[in-house]
Amino acid sequence: MKLISWNIDSLNAALTGQSTRALETRKILERLHDEAPDVLAIQETKLPATGPTKKHQTILKEMFPEYKYFWRSSEEPARKGYAGTMYLYKKGLELKASYPKIGAPEPMDSEGRIITLEFPTFFVTQVYTPNSGNGLKRLADRQVWDQRYIEYLQQLDKQKPVLASGDFNCAHTPIDLKHPENNHHSAGFTDEERKDFTQLLDAGFTDSFRKINGNVEGVYSWWAQRVRTAKANNSGWRIDYWLTSNRIADKIRRSEMIDTGKRADHCPILLDIDL
């Protein structure tokens, strides 16, 4: 199977916008279609609580005619048009979707952050992990989220192997960001978040990128939009992951980033696994 995961930073803007950035994002979506993944996971869709509009649906059908999709949007009491996730999957695949709530602090469970696909012999699940926020105001709630999410993945893993992807909002080790020395107290690289990610791996999961590529440095999945030189200088963070249950880690064939050229923010990540 070939799977791709991407925090798109507004599917709504990508499908209907006319800005330079929206056009860049659409070109990347076209490239992802050409990659012909079995499953495409999308985070931060920013769609309405009622899901894709008729216009969104028409454009998706034109861009991805071979695919069906599941979506989950932010709903009250969470902010509208915030966060959100979606799966596009090839027609003919045998699967069903679930939209779990993991007992996280509100309104996190209402922000449309997790969708899980159940296949006959494995699960595919995606997550858009809450950011700890400016001044780490949300760090305590984020830590509760992390623990609940670990428990959720363990529950899935007891049933059948798991492929978990998404924007985990955590650079796990110092080689996962360009300037670790300057970010020790920044959201996404705190001791607490990194410890939680270690606990997640210790719960029975493998970081597919490190499994395949070892301790290679300078490979990232996110570059700050607000820093104009971040992408040009490759001053990035690796905060997007494909994780697998340990017992199927030997089936991973490729785990890599998909280049987005000059476009900053997240890049898509690809997993090729022999299932």
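The residue that is nearest to H184 (Cα to Cα), among those in segment 219-267 that are in contact with a strand residue (DSSP E or B) (Cβ under 7 Å, 6 or more places away or on another chain) and polar (S, T, N, Q), is S235. Scanning segment 158-198 for residues that are polar (S, T, N, Q) and either modelled with pLDDT under 95 or surrounded by 14 or more Cβ atoms within 10 Å (Cβ to Cβ) (or both) yields S165, N169, T173, N182, N183, S186, T190.
Of all residues in segment 17-66, those satisfying the criterion of being farther than 19 Å from L117 by Cβ and of a type in the set (S, T, Y) are S19, T20, T25, T50, T53, T58. No other residue among R228, R263 is over 19 Å from the mean Cα position of the chain (by Cα) and not acidic (D, E) apart from R228. Remark: pairs (first residue in segment 241-266, over 23 Å from T116 (Cβ atoms); second residue assigned to a strand (DSSP E or B) and among the aromatic types (F, W, Y); Cβ separation under 6 Å; 6+ apart in sequence or on different chains) = A264/W223.
Yes/no per residue for (1) closer than 28 Å to N233 by Cβ; (2) in contact with a strand residue (DSSP E or B) (Cβ under 7 Å, 6 or more places away or on another chain); (3) hydroxyl-bearing (S, T, Y):
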| residue | (1), (2), (3) |
| --- | --- |
| F123 | no, yes, no |
| D157 | no, yes, no |
| P161 | no, yes, no |
| T173 | yes, no, yes |
| D191 | yes, no, no |
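Checking each residue in segment 166-205 for being of a type in the set (S, T, N, Q) and more than 23 Å from T85 (Cα to Cα) picks out T173, N182, N183, S186, T190, T198, Q199.
Taken as a whole, segment 138-151 holds no residue that is under 20 Å from G84 (Cα atoms), modelled with pLDDT of 95 or more and touching a His at 6+ places or on another chain (Cβ under 7 Å). Restricting the first member to segment 198-221 and to residues that are farther than 16 Å from W237 by Cα, and the second to residues that are surrounded by 14 or more Cβ atoms within 10 Å (Cβ to Cβ) and small (G, A, S), the beta-carbon pairs closer than 6 Å and six or more apart or on different chains are T206/A249; S208/S255; K211/A249; I212/S255. Looking at segment 126-171, which of its residues are acidic (D, E) and in a helix (DSSP H, G or I)? Within segment 126-171, D141, D146, E151, D157 qualify. For segment 118-140, a residue qualifies if it is touching a Gly at 6+ places or on another chain (Cβ under 9 Å) and over 19 Å from K251 (Cα atoms), and the qualifying residues are Q126, V127, Y128, T129, N131, S132, L139.
Table: residues versus (1) surrounded by fewer than 17 Cβ atoms within 10 Å (Cβ to Cβ); (2) closer than 25 Å to N169 by Cα; (3) touching a residue at least 12 places away in the same chain (Cβ under 8 Å).
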position: Q18; (1), (2), (3): yes, no, no
position: L32; (1), (2), (3): no, yes, yes
position: T45; (1), (2), (3): no, yes, yes
position: K68; (1), (2), (3): yes, no, yes
position: G92; (1), (2), (3): yes, no, no
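Of the residues screened, A36 is one that is among the small types (G, A, S) and surrounded by fewer than 22 Cβ atoms within 10 Å (Cβ to Cβ). Is at least one residue of segment 234-246 within 14 Å of the chain's Cα centre (by Cα), at pLDDT 95 or above and of a type in the set (D, E, K, R)? Yes, segment 234-246 contains at least one residue that is within 14 Å of the chain's Cα centre (by Cα), at pLDDT 95 or above and of a type in the set (D, E, K, R).
The values are calculated or read from the model by the stated rules, or taken from the named source; none is laboratory data. Predicted model only: the values in this text are computed from it and were never measured. Here the Cβ is made from the backbone with ideal geometry for all residues, glycine too, and neighbour counts use every protein chain on show.
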